[in-house]
Amino acid sequence: MDRRTFNKSLLAAGWTAALGPAALHAATPATKIKGDLDAVTRTGGVVTLPKKALQQLQKSLRGGLLIPDSANYESARKVWNGMIDKRPAIIAQCTGPADVMRAVEFSREHDLLVAVRGGGHSISGKSTCEGGIVIDTSPIRYCSVNPQTRIARLGAGSLLGDLDHESQRFGLATPLGTVSHTGAGGLTLGGGHGRLSRSYGLTCDNVVAVEVVTADGRFLRATAEENPELYWGLRGGGGNFGVATAFEYRLHPIGTEVLGGQLFYPFEQAPNVFEAFAEFTAGAPREMAADVIALSPAKGNGFVILSFCYLGDYAKGDKLLQPLRAAMTPKIDTVGPEPYSKMQTSADANTPGGKLYYNKSGLMKTLEPDFLNIVLKRLQEAAAGREDPEVASNVIVQHLGGAVSDVPVDGTAYAHRDASYDSVILSAWENRDYDEPNINWLKDSFAEMEPYTIGLYSNHMVDSDTSKAQRAFRGNYDRLVELKNEYDPTNVFHLNANVEPTV
Ligand SMILES: Cc1cc2nc3c(=O)[nH]c(=O)nc-3n(C[C@H](O)[C@H](O)[C@H](O)COP(=O)(O)OP(=O)(O)OC[C@H]3O[C@@H](n4cnc5c(N)ncnc54)[C@H](O)[C@@H]3O)c2cc1C
């Protein structure tokens, strides 16, 4: 398979480039508020928002207040997953902490159902809601880097690419996720797995300060010295404790180039590739990040990709890969010195906003051969034909461990320090007629995979009930409940991997 054929097969699978929803926000012309509006409350009731109160709110915000009549309401209500089709009563497009404080105050006054939005990439659509208020932080988008102190300050509505762009100018970086149009807000608060994690930990492990507006409308700064317990909970505990308005991150001198790229194999070689991946990662040094991605695209044969990012001497990195290359000749080999910024955007076009997506995931200590066999069996079935001829399904296994496991399990709210792998099964399709069979196939597949998992990463959660949140926060759950009782006793912020208060 050459590069052109490979690109064609991506297109056949519907993996085309598109702008993420954050790019859809245009400048907001002020909406004329003509009357009262009905809205949904925190507990599912209905409340009428008087015209005058809405006008006052609009006046007090520097950002826009959108209602269903607003010209750009339709684009602003969209999130990354096209499956989510919710219509909030109002969207407060906050430009800074003052707007967020006002929006939280207004939500409290009217006891509104509240969703908080960052980059809008929650696959289950937790950053929007039906009939309530969306506190949209996406206009809080800025980044500044201090190359002397190696600290970056980031507006909480920024995307990952914003931080990489500014820090790479100085040869610096912090661990972030693998798709640059993902929001920093949700990813950081939930943990943050990425290519630099084995060397430098999770995104949240590199957070030195978070500024947050809590449910009672207070603006707090959380660091190791100020509000340390809140600082603990905001690193992995998700959006449970308030609306983050800014993050400060520790940066690392990685330079601007890494040894990176991918080895592509035809799907028939998947059993050998999986086995080689398990062996390779079990002995890999922490400077080596590796993922395996098995794709069963629509209309055609799938393929398996090994993806690498090595921070170190290129010759040493090449030597580590030599046994893999020798054992199986890849169809395409793109591994070589590569700009880090290119690596960080390499998956962007394959994950466009607006398609219909569903996923399930689990963390694992080891990669059992039986688990890999199940993955293969399910993807083979998918390739053999399902009801929806266009659906593209894939399984991604990301190697964790290294610096992620250096942090004690109670060092931050993120609870999976003992996990060595994160596995995600994801389907993407375009025709809503196939929602049910596609979701059922994925659920059935994951039901077979789940017994091999030890927990659930909150940032990949699709349904959130207390048992799921307990699986996400494991031994840290009770401490998070204490924190929730203190900062959000009425569960204003519950559209997330929710920790239910007990007061
Ligand atoms: C294409 C894609 C690639 C991904 N890659 C990775 C990856 O490599 N590594 C990884 O770890 N995860 C990854 N994820 C998962 C990602 O971490 C979560 O989807 C994350 O929630 C996205 O954050 P967001 O701000 O874009 O999402 P949103 O949908 O805006 O928010 C997600 C959750 O966070 C809350 N939230 C967001 N901003 C704030 C804020 N300012 N204050 C309080 N709460 C807030 C929301 O209320 C919601 O509950 C990926 C997801 C997608 C769709």
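The values are calculated or read from the model by the stated rules, or taken from the named source; none is laboratory data. Everything numeric here is computed off the predicted structure, so don't read it as measured data. Cβ: placed from backbone, ideal geometry, glycine included. Neighbour counts: every protein chain shown. Areas reflect the complete protein model, heavy atoms only, side chains present, ligands, DNA and RNA absent. Shrake-Rupley method; radii C 1.70, N 1.55, O 1.52, S 1.80 Å.
The stretch between residue 208 and residue 85, if pulled fully straight at 0.36 nm per residue, gains 40.7 nm over its current Cα-Cα span. For the chain, the longest principal axis of the Cα atoms and the long axis of helix 97-109 meet at an angle of about 60 degrees.
Once the Cβ-Cβ distance of residue 111 and residue 418 is raised to the sixth power relative to R0 = 35 Å, the FRET efficiency obtained is 0.30. Computing FRET efficiency as 1/(1 + (r/R0)^6) for residue 32 and residue 219, where r is the C-beta to C-beta distance and R0 is 45 Å, gives about 0.90. Rolling a 1.4 Å probe over the protein heavy atoms leaves residue 144 with an accessible area of roughly 60 Å².
Place a point 7 Å from the Cα of residue 436 along the Cα-to-Cβ direction; which residues of the stretch 349-375 have their backbone N under 16 Å from it? From the stretch 349-375, the list is empty.
The local environment of residue 96, defined by Cβ-Cβ distances under 14 Å, has a net charge of +1 under the rule Lys, Arg +1 and Asp, Glu -1.
In the chain, taking the dipole from charged Cβ atoms about the Cα centre, the farthest positive-side position among 363, 288, 476 is held by 288. Annotation: amide H-H contacts under 5 Å for residue 174 (H modelled 1.01 Å from N, sequence separation of 5 or more, or interchain): 252. Take every pair of alpha-carbon atoms less than 8 Å apart whose residues are at least six positions apart; their mean separation over the length of the chain yields a relative contact order of 16 percent.
In this Cβ point-charge picture (+1 for Lys and Arg, -1 for Asp and Glu), the stretch 353-503 has a dipole of about 260 debye about its Cα centre. Measuring nothing but how far apart in sequence close Cα pairs (under 8 Å, 6+ apart) lie, relative to its length, the stretch 348-475 scores a relative contact order of 40 percent. Shown here are the Rg and Dmax of the Cα trace of the stretch 239-352, at 16.7, 52 Å. Among the protein heavy atoms of the chain, carbon and sulfur supply 51% of the accessible surface, probe 1.4 Å, non-protein parts ignored.
The mean of 1/r over all distinct Cα pairs in the chain, once inverted, gives the Kirkwood hydrodynamic radius of 23.2 Å. Taking the Cα centre of the chain as reference, the dipole from Cβ charges on Lys and Arg (+1) and Asp and Glu (-1) amounts to some 1080 debye. Its DSSP H runs of at least 4 residues, each contributing -39,500 (n - 2.57), put the calculated 222 nm mean residue ellipticity of the chain at -8500 deg cm²/dmol, to the nearest 500. Charge dipole of the stretch 257-460 (Cα centre as origin; +1 on each Lys and Arg Cβ, -1 on each Asp and Glu Cβ, all else neutral): 260 debye, rounded to the nearest 20. Relative to one another, the C-alpha centroids of the stretch 309-371 and the stretch 426-503 are positioned 26 Å apart.
Computed over the stretch 257-460, relative contact order equals 28 percent, with contacts defined as Cα pairs under 8 Å that lie 6+ residues apart.
At full extension, residue 482 and residue 349 could sit 43.7 nm farther apart than now, given 0.36 nm per residue minus the alpha carbon distance.
Within straight-line reach of residue 52, meaning a Cα separation under 28 Å, sit the following lysines at least 8 residues removed in sequence or on another chain: 32, 34, 78, 86. Gain on full extension, evaluated as 0.36 nm per residue between residue 74 and residue 327 minus their Cα-Cα distance, stands at 85.9 nm. Ordering of 317-326, 421-430 by packing is 421-430, 317-326, highest average first (other Cβ atoms within 10 Å, averaged per residue).
With a 1.4 Å probe and all protein chains left in place, how much accessible area per residue does the stretch 143-254 have, in Å²?
On the way: 3110 Å² over 112 residues.
Per residue, the stretch 143-254 has an accessible area of 28 Å².
All alpha carbon pair distances within the stretch 257-460 were sorted into 10 Å bins beginning at 0; the resulting P(r) in whole percents reads 8, 33, 37, 19, 3, 0.
Cross-link partners of residue 342 among lysines, defined as those whose alpha carbon lies under 26 angstrom from its own and excluding same-chain residues fewer than eight positions apart: 8, 316, 319, 331, 355.
Heavy atoms only, 1.4 Å probe, whole protein assembly: order 313, 164 by accessible area, highest first.
Final ranking, largest accessible area leading: 313, 164.
FRET efficiency for the residue 41 to residue 144 pair, using the beta carbon distance and R₀ = 51 Å, is estimated at 0.85.
Taking label points 7 Å from Cα along the Cα-to-Cβ direction, residue 272 and residue 256 give a separation of 4.0 nm.
Protection proxy ranking of 302-310, 62-70, 475-483, by the mean of other Cβ atoms within 10 Å over each peptide's residues and highest first, is 302-310, 62-70, 475-483.
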